[in-house]
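Student: First, the structure itself, so that you have it in front of you.
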């Protein structure tokens, strides 16, 4: 290797290969910086391959790619930050070493205040996952320069919308102004993201600005695709068509159920993934319980149409749910997907699979609770960060992107195979905070996530089946079985949902208070 020493802290070299990394470590270097974009040369090993080789023997690695002849002030700022904060000595490389040397010289000459828009950590998304991660990060390190990119003025406690639809909560109880939730020390950039430039460590905003980062956290949520069902968008909020998946519609659910006097009530569930997979059933059970109490349940034909093949994805909770299906005399329709709706005519069309046969059936309704299909946001699906599913690709334990070691994702936009719930985001946020700070210091991830998610299945007013599980359906109860047996309906679980969880969300999770969700150290696995 042709290594040229610039000073006691920095050396530069031409392109290195994974097999060179042990010799680099033996020479005393503790950090490797790649200043070369991937794909410049067909024979060039990708940065991720060098990163993997470095991590395997304990070296830090950072990718700060620069196109030849196009080094900018932002690139110089990122290089200056890296050289100031990463463990030395540092070896930086590009095709010949010249680009790295020039960038180091630009970083050395750089004086005055930081370039506007340069951040240590940028978080895309100011929902539950984004605010919780920002708060957890800043509680650990107040000196981190952190930005939250979120275009909305409004923030919602979405798990509360089931309770709004049941008449338990008022809708405003679930709403706060976003400005009141941005953690102290974070900068709020109130613009949408247009696209990602991960090879340049930048995001482009809808207004054309480019924001540079050293570490990126992606958690913009999930897209509710109301237009995927023909006729649905035009009839929402009238003709007996409602959904607890929207703040303005949950009160309409409450009104429909309260005023219902009998007829056909349909509840639908689309194919996975969706946020809170139990929510379609929650609306149904709570509605049935109200009709039971008012004495009209016998006059209601309750139908549940789910695109799935089972009532719930974790078998341990199905027996308790089936007890309520039988109690409320619910007509279960599996592999039955809502594909069209005619609101004025009150006709819902379903595609039903029976083996290899697919047939369309029409069902009359007097009210229908619809859950829309859900997909990754467009700017995620079309980005270099996406997995085949369209969501952000991650290692399911560390929540780090497999190709970009300074990018993490969590929440509903993350491709990890966990349930998309607020409880999952609450558990993920401290893990990402710890691992993002480790990446900022040029270190590998130090915490892992077990897939935990929770779905409090409200089977009647006053009782909940508290489903808590992780990857592969492993049961992960938070409480001993003598206190709460999650596989059985419990009044204490209702108290948790009704009284305890809302303040835990607003005053715990969003403030970086990690009650019962402290990050699990990776080295504790052994």
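Student: Could you tell me the ratio Rg/Rh of segment 1-99? Both radii from Cα atoms, Rh via Kirkwood.
Tutor: Numbers: Rg = 12.3 Å, Rh = 13.4 Å.
That ratio is 0.92, to two decimals.
Student: On to the next question. Given R₀ = 51 Å, FRET efficiency for residue 255-residue 142 by Cβ-Cβ distance, to 0.05?
Tutor: Numbers: r = 47 Å, r/R0 = 0.92.
Using R0 = 51 Å, I get an efficiency of 0.65.
Student: Still on this structure: Kirkwood hydrodynamic radius of segment 140-265 from all distinct Cα pairs, in Å? Write out the running numbers ahead of the final one.
Tutor: Details: mean 1/r = 0.0566 Å⁻¹.
Averaging 1/r across every pair of different Cα atoms and inverting gives 17.7 Å.
Student: Sticking with this structure for a sec: Please determine, in degrees from 0 to 90 and to the nearest 10, the orientation of helix 47-56 with respect to the longest principal axis defined by the Cα atoms of the chain, where the helix direction is its Cα long axis.
Tutor: For helix 47-56, the angle is close to 90 degrees.
Student: Let me ask something else about it. Using the beta-carbon distance between residue 19 and residue 108 and R0 = 51 Å, what value does 1/(1 + (r/R0)^6) give for FRET efficiency, to the nearest 0.05? Please report the intermediate quantities before stating the final value.
Tutor: Values: r = 31 Å, r/R0 = 0.62.
Efficiency at R0 = 51 Å is approximately 0.95.
Student: How many angstrom lie between the Cα centre of segment 30-109 and the Cα centre of segment 187-218?
Tutor: 20 Å
Student: Then there is this: Quick one: work out the % antiparallel among DSSP beta bridges in segment 226-372, nearest 5. Before the final figure, lay out each step's value.
Tutor: On the way: 14 of 29 bridges.
Percentage antiparallel, nearest 5: 50.
Student: Sequence gap at least 6, Cα distance under 8 Å: using those rules, report the relative contact order of segment 120-166 to the nearest whole percent.
Tutor: On the way: 37 pairs, mean separation 21.6, N = 47.
Once normalised by length, the contact order is 46 percent.
Student: Moving to a separate point now. Under 19 Å from a point placed 7 Å out from the Cα of residue 515 along the Cα-to-Cβ direction: which residues of segment 460-496 have their backbone N that close?
Tutor: What the label zone holds, given the 19 Å backbone N cut-off, is 466-468, 477-480, 483-484, 491-496.
Student: Take the Cα coordinates of the chain, assign each an equal point scatterer, and use the Debye formula without solvent to give log10 I(q)/I(0) at q = 0.06, 0.07, 0.10, 0.12 Å⁻¹.
Tutor: The computed values of log10 I(q)/I(0) come out as -0.33, -0.44, -0.82, -1.06.
Student: A further question follows. Would you mind ranking 367, 509 by Cβ crowding within 10 Å, fewest neighbours first? Mind showing how you got there, number by number?
Tutor: Numbers: 367 22, 509 27.
The most exposed by this proxy come first: 367, 509.
Student: Any idea what the relative contact order of the chain is, in percent, if you count C-alpha pairs under 8 Å spaced at least 6 apart? Walk me through the numbers before you get to the answer.
Tutor: Numbers: 1139 pairs, mean separation 76.7, N = 526.
The value is 15 percent.
Student: Please list, in order, the residues from segment 378-399 whose amide nitrogen is less than 16 Å from a point placed 7 Å along the Cα→Cβ vector of residue 210.
Tutor: Hits in segment 378-399 for residue 210 at 16 Å: 384.
Student: Only counting other Cβ atoms within 10 Å, I'd like 426, 17 sorted with the fewest neighbours first.
Tutor: Listing 426, 17 from fewest to most nearby Cβ atoms yields 17, 426.
Student: So if we plug the beta-carbon distance of residue 347 and residue 188 into 1/(1 + (r/R0)^6) with R0 = 56 Å, what FRET efficiency do we get, rounded to 0.05?
Tutor: On the way: r = 45 Å, r/R0 = 0.81.
After rounding, the FRET efficiency stands at 0.80.
Student: Express in whole angstrom the spacing between the alpha-carbon centres of segment 340-399 and segment 281-328.
Tutor: So the two Cα centres are separated by 21 Å.
Student: Please work out the ratio of the alpha-carbon Rg of segment 220-303 to 2.2 N^0.38 Å and round it to two decimals.
Tutor: On the way: Rg = 13.5 Å, N = 84, 2.2 N^0.38 = 11.8 Å.
Against the compact-globule rule of thumb, the ratio is 1.14.
Student: Here's something else I'd like to know. Taking the inverse of the average 1/r across all pairs of different Cα atoms in segment 226-372, what Kirkwood radius in Å do you get? Could the numbers behind the result be given before it?
Tutor: Working: mean 1/r = 0.0651 Å⁻¹.
Its Kirkwood hydrodynamic radius stands at 15.4 Å.
Student: Sticking with this structure for a sec: Please give, to one decimal in nm, the separation of the simple spin-label points placed at residue 179 and residue 318, each 7 Å out from Cα toward the Cβ.
Tutor: Output for this residue pair reads 5.1 nm.
Student: Among bridges DSSP assigns within the chain, what percent are antiparallel (round to 5)?
Tutor: On the way: 41 of 87 bridges.
Percent antiparallel among DSSP bridges in the chain is about 45.
Student: List 300, 66, 504 from most exposed to least, where exposure is judged by having the fewest other Cβ atoms within 10 Å. Please list the in-between numbers first.
Tutor: Working: 300 22, 66 25, 504 15.
Ordered by Cβ neighbours within 10 Å, fewest first: 504, 300, 66.
Student: Which percent of Cα pairs goes in each bin when the distances of segment 140-185 are cut into 5 angstrom slices starting at zero?
Tutor: 5, 19, 21, 15, 14, 12, 7, 5, 2
Student: Another one. Hey, what angle do you get for helix 98-109 against the long axis of the chain, alpha-carbon based, 0 to 90 degrees rounded to 10?
Tutor: So the helix axis and the longest Cα principal axis differ by about 90 degrees.
Student: Label segment 339-421 by shape, choosing from rounded, prolate and oblate, from the square roots a ≥ b ≥ c of the eigenvalues of the Cα gyration tensor; if a/c is under 1.5 it is rounded, and otherwise prolate applies when a/b is larger than b/c, oblate when it is not.
Tutor: prolate
Student: With 13 Å as the cut-off, how large is the P(r) tail for segment 467-526, expressed as percent of Cα-Cα pairs?
Tutor: Numbers: 1281 of 1770 pairs.
The answer is 72 percent, as a whole percent.
Student: Per 10 Å bin, what percent of the C-alpha pairs of segment 397-445 does each bin hold, from zero upward?
Tutor: Values per bin, smallest distances first: 28, 54, 17, 0.
Student: Given that compact globular proteins tend to follow 2.2 N^0.38 Å, what is the ratio of the alpha-carbon Rg of segment 37-151 to that value? Walk me through the intermediate numbers first.
Tutor: On the way: Rg = 16.2 Å, N = 115, 2.2 N^0.38 = 13.4 Å.
Here the Cα radius of gyration is 1.22 times the empirical estimate.
Student: So between residue 43 and residue 225, what do we pick up on full extension, going 0.36 nm a residue minus the alpha carbon distance? Let's see the in-between values first.
Tutor: Numbers: separation 182, 0.36 × 182 = 65.52 nm, distance 4.22 nm.
Between residue 43 and residue 225, full extension yields 61.3 nm more.
Student: Helix 73-85: angle to the longest alpha-carbon principal axis of the chain, degrees 0 to 90, nearest 10?
Tutor: Tilt of helix 73-85: around 80 degrees.
Student: Per residue of the chain, what 222 nm ellipticity follows from adding -39500 (n - 2.57) for every DSSP H run with n ≥ 4, rounded to the nearest 500?
Tutor: Details: 13 runs with 127 residues, N = 526.
Taken over the chain, the calculation gives -7000 deg cm²/dmol.
Student: Under 14 Å from a point 7 Å along the Cα-to-Cβ line of residue 293: which residues of segment 130-167 have their amide N that close?
Tutor: 163-167
Read the figures in this text as sums done on the coordinates, not as results from a lab. These numbers come from a predicted model, not from an experiment. Quick reminder, even Gly has a Cβ in these numbers, built from the backbone with ideal geometry, and neighbours come from all protein chains shown.
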